[in-house]
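Step one of this worksheet: look at the structure below.
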Ligand code: CP3
């Protein structure tokens with residue numbers, strides 16, 4: 001069955017479109033009252049592990065705003081969980097890993113699981129979501145980049161610097177590379193299983209790639225993202241989002257990925273220049289700009305589309321939506337794209 005609104009898939013393939021497609025990173029989130037209602041009743045990983053809840057949460061923003069793509073409600077940290085590393089989600093704190101990896105022994109204890117067993121609940125959530133979506137729009141599956149997963153696995157929690165993760169890589173590169181390879185092998189199997197279960201595209205989130213220097217980025221992050229792209233590109237459209245990774249756009253453009261995410265610190269002109277002008281770009285509205293009045297948001301979105309150009313472009317935020325965004329402001333963002341007329 002083909003997808004009724006395939007704007008998003010066409011943009012990823014670089015085809016000419018009437019208007020660019022739009023979705024928002026973290027669009028199933030705490031700014032939605034219907035999300036908060038479910039969140040009051042079930043803890044985070046229960047929401048992830050229960051297909052009826054994960055699929056319902058996934059379609060909530062679609063029902064309200066009609067984005068051109070849905071992204072499965074889940075988390076990048078289900079991967080380390082499946083690899084035998086305990087991950088908790090603490091309310092008002094975020095991810096907490098009580099036993100972080102910090103030496104060779106810790107790396108040896110990390111397993112490469114059978115994703116079809118350990119992460120079967122994700123595949124069930126995909127199937128349930130596809131039913132709810134009824135082939136109206138595509139469904140995006142995702143994973144964290146191996147480097148971004150290592151950041152949490154070694155640091156044990158969020159951080160402004162991920163200093164412990166970097167220290168581990170720079171003082172024990174042999175163990176760090178073994179860990180990155182185990183995460184990569186798991187991620188490849190996981191994303192392939194997601195494609196088989198029905199997702200129409202996959203996005204790799206390298207949320208903390210921008211913590212690394214351009215040289216270290218190649219060694220500890222991009223090398224492994226490239227393995228994932230090589231393994232997936234024949235069977236899926238792959239989007240790579242590296243926050244703060246403008247310096248890598250040139251290499252990413254040659255990687256075989258279908259599209260590249262851009263954050264708001266890189267202008268459209270610079271992103272097009274650095275990526276060579278031929279690959280689809282996705283982004284890059286400052287999430288905090290959704291706090292401006294709706295009329296201002298609409299004007300800025302129209303301007304952003306004019307700067308990126310309507311083709312080879314997917315409208316998105318430059319990172320996840322913030323919990324304090326008013327509902328009408330999120331609506332203004334989506335509506336501005338749907339109302340877009342070429343100038
Ligand atoms: O985009 C979507 O709507 C799908 C859902 C999604 C979640 N996490 C749900 C979630 C996606 C795509 C993610 C990816 C994710 N998770 C990333 C990469 C993207 C990014 O934002 O950089 C990262 C780094 C994580 C790890 C993570 N999960 C953190 C740091 C936190 C706490 C911070 C926060 O926003 O609270 C989470 C928790 C989390 N994952 C929430 C949601 C909706 C909020 C907690 C809750 O709902 O109880």
Checklist entry - Can you tell me which of 84, 92 is under 30 Å from residue 162 (Cβ atoms), assigned to a loop (DSSP other than H, G, I, E, B) and more than 14 Å from the ligand (Cβ to nearest atom)? => result 84
Next on the checklist: Quick test for you: out of 203, 227, 218, pick the one residue that is at pLDDT 95 or above and within 16 Å of the ligand (Cβ to nearest atom).
Outcome noted: 203
Checklist entry - Looking only at segment 1-45, which residues are surrounded by 20 or more Cβ atoms within 10 Å (Cβ to Cβ), in a loop (DSSP other than H, G, I, E, B) and touching a strand residue (DSSP E or B) at 6+ places or on another chain (Cβ under 9 Å)? => result 20, 21, 23, 24, 25, 27, 28
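Among 261, 242, 250, 256, which is the only one that is more than 14 Å from residue 204 (Cα to Cα) and either out of contact with any strand residue (DSSP E or B) (no Cβ under 6 Å at 6 or more places or on another chain) or within 15 Å of the ligand (Cβ to nearest atom) (or both)? I'd like the intermediate steps shown before the answer.
On the way: 261 fails: more than 14 Å from residue 204 (Cα to Cα); 242 fails: more than 14 Å from residue 204 (Cα to Cα); 256 fails: more than 14 Å from residue 204 (Cα to Cα).
Only one candidate qualifies: 250.
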Item to check | Filter result for the condition that a residue is more than 11 Å from the ligand (Cβ to nearest atom), crowded, with 23+ Cβ neighbours inside 10 Å and not in a loop (DSSP other than H, G, I, E, B), over 57, 126, 79 | outcome: 126
Next on the checklist: Can you go through 180, 119, 150 and tell me which one is more than 16 Å from the ligand (Cβ to nearest atom), buried (at least 23 other Cβ atoms within 10 Å of the Cβ) and either closer than 14 Å to residue 242 by Cα or under 19 Å from the mean Cα position of the chain (by Cα) (or both)?
Outcome noted: 180
Checklist entry - Which of the residues spanning segment 26-40 are at pLDDT 95 or above and in contact with a helix residue (DSSP H, G or I) (Cβ under 9 Å, 6 or more places away or on another chain)? => result 26, 27, 28, 30, 31, 32, 33, 34, 35, 38, 39
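The values are calculated or read from the model by the stated rules, or taken from the named source; none is laboratory data. Note that the coordinates shown come from a computational prediction; the quantities given were computed from them, not determined experimentally. Because the Cβ atoms are built from the backbone with ideal geometry, glycine has one as well, and the counts that use them run over all protein chains shown.
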